[in-house]
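Encoded as structure tokens, the structure appears first; notes follow it.
Nothing in this text is a laboratory measurement; each read-out follows from the coordinates by a stated rule. These numbers were taken from a predicted model, which means no experiment stands behind them. Positions of Cβ are generated from backbone atoms using ideal geometry, with glycine treated the same way; all protein chains shown enter the neighbour counts.
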Amino acid sequence: MTNYQEAREELFAAVQKARDEGLLRISEGNLSLRTPDGNVAITPSGIKYDQLKPEEIAIVDLDGGHIDGPCKASSETPMHTAIMRNLPEVGAICHTHSPFAMTFAAAGRDIELINLEAMGCGAPIPVAPWATPGSAAGGEVTVTLFKQRPDLKAVLLRNHGVVAIGENAEDSFDKAFKAEAAAQIYYQALQIGEPVIITPPQQQEAFDTYIAFTKKERT
Ligand SMILES: [Zn+2]
């Protein structure tokens with residue numbers, strides 16, 4: 001029997017960070033992490049995040065079948081497993097109902113490339129077509145967009161929330177945080193005028209500068 005303690009602790013740490021940053025409220029939103037044996041650790045259904053214990057994180061297979069743990073997996077498990085099945089490079093998913101991202105999801109409006117946080121998500125962050133929350137279709141609509149644009153790390157679920165993908169639990173939290181920060185600033189900029197979009201050459205220049213900086217750091 002596989003010991004899932006490490007996976008549960010990694011996912012729990014990301015849950016705590018997402019809660020601290022206001023991305024997870026009450027019991028809304030859910031996170032998942034691919035385990036080394038190819039299953040999925042996922043936050044449980046109906047437990048408030050301020051009361052969650054690591055051992056309550058459920059382990060399911062890629063079809064959502066219960067493998068381990070005392071709690072039922074999140075009601076949105078079919079969305080997570082659909083993404084994990086179709087995108088083998090995804091190590092973790094952070095799905096939140098964070099308010100500014102939800103605002104754009106409700107308006108059916110993309111979050112444009114307006115700052116570094118948006119750039120970190122591969123913006124523009126598109127709105128996926130409507131899919132019933134809790135259905136596999138909710139994952140499949142994001143898979144289509146993620147496959148079309150490999151740099152894209154966050155997608156808005158229309159009238160629902162945001163799905164962020166990452167290599168590991170921390171990375172998926174980071175992308176969900178950036179999506180919410182981008183949404184907040186874009187929303188605020190819309191209140192005072194017309195937001196200025198970063199152009200492709202400016203984006204390339206910023207990327208090249210960052211790469212040059214990271215290379216310099218190593219030498
Ligand atoms: Zn949701």
Requested in this report: Note the full-extension length gain between Thr132 and Asp63 as 0.36 nm times their separation in residues minus their Cα-Cα distance, in nm to one decimal.
Outcome: 23.1 nm
Query - Candidates per GluC sites (Glu not before Pro) in the range 2-103, loop by DSSP, up to 11 other Cβ within 10 Å - result: Glu89
Query raised in the report: Which distance in Å, rounded to a whole number, links the C-alpha centroids of the range 6-27 and the range 51-68?
Result: 15
Report summary line: Under 5 Å from the placed amide H of Glu167, counting only residues 5+ away or on other chains, we find Gly91, Ser172
Requested in this report: Provide the three semi-axes, in whole Å and in decreasing order, of the ellipsoid equivalent to the range 56-124 as defined by the square roots of 5 times the Cα gyration tensor eigenvalues.
Outcome: 29, 15, 11
Query - From phi via Karplus (6.51, -1.76, 1.60), per-residue ³J(HN,Hα) for the range 83-100 in Hz, x at Gly/Pro - result: 5, 4, 5, 8, 10, x, 7, 7, x, 7, 10, 10, 10, 10, 10, 6, x, 6
Query raised in the report: With θ set to phi - 60° and the Karplus curve 6.51 cos²θ - 1.76 cosθ + 1.60, what are the ³J(HN,Hα) couplings of the range 206-213 in order, to the nearest whole Hz, using x for Gly and Pro?
Result: 5, 5, 4, 5, 5, 4, 4, 5
Query - Gyration tensor over alpha-carbon atoms, the range 5-218, equivalent ellipsoid semi-axes in Å - result: 29, 19, 16
**Report entry** Loop-located chymotrypsin sites (Phe, Trp or Tyr not before Pro) in the range 93-187 whose Cβ has at most 16 other Cβ within 10 Å (DSSP)
**Finding:** Trp130
Query raised in the report: Rounded to the nearest 0.05, what FRET efficiency is calculated for Ile197 and Glu167 with R0 set to 25 Å and r the Cβ-Cβ distance?
Result: 0.35
Query raised in the report: Which of the lysines could a cross-linker bridge to Lys178, judged by Cα under 21 Å and excluding same-chain residues fewer than eight apart?
Result: Lys17, Lys147, Lys153
**Report entry** Förster-model FRET efficiency, 41 Å R0, Ser45 and Ala206, C-beta, rounded to 0.05
**Finding:** 0.50
**Report entry** Note, ³J(HN,Hα) from phi for the range 13-28, Karplus 6.51, -1.76, 1.60, rounded to Hz, x at Gly and Pro
**Finding:** 4, 5, 4, 4, 5, 5, 5, 4, 8, x, 7, 10, 10, 6, 10, 7
Query raised in the report: Among rounded, prolate and oblate, which fits the range 136-219 when a ≥ b ≥ c are the square roots of the eigenvalues of its C-alpha gyration tensor, a/c under 1.5 means rounded, and a/b larger than b/c means prolate?
Result: oblate
Query raised in the report: Stretch Asn86-Ile26 to full length: gain in nm at 0.36 nm per residue minus the Cα-Cα span?
Result: 18.6 nm
Query raised in the report: What percent do you get for the relative contact order of the chain when only Cα pairs under 8 Å and 6+ apart count?
Result: 20
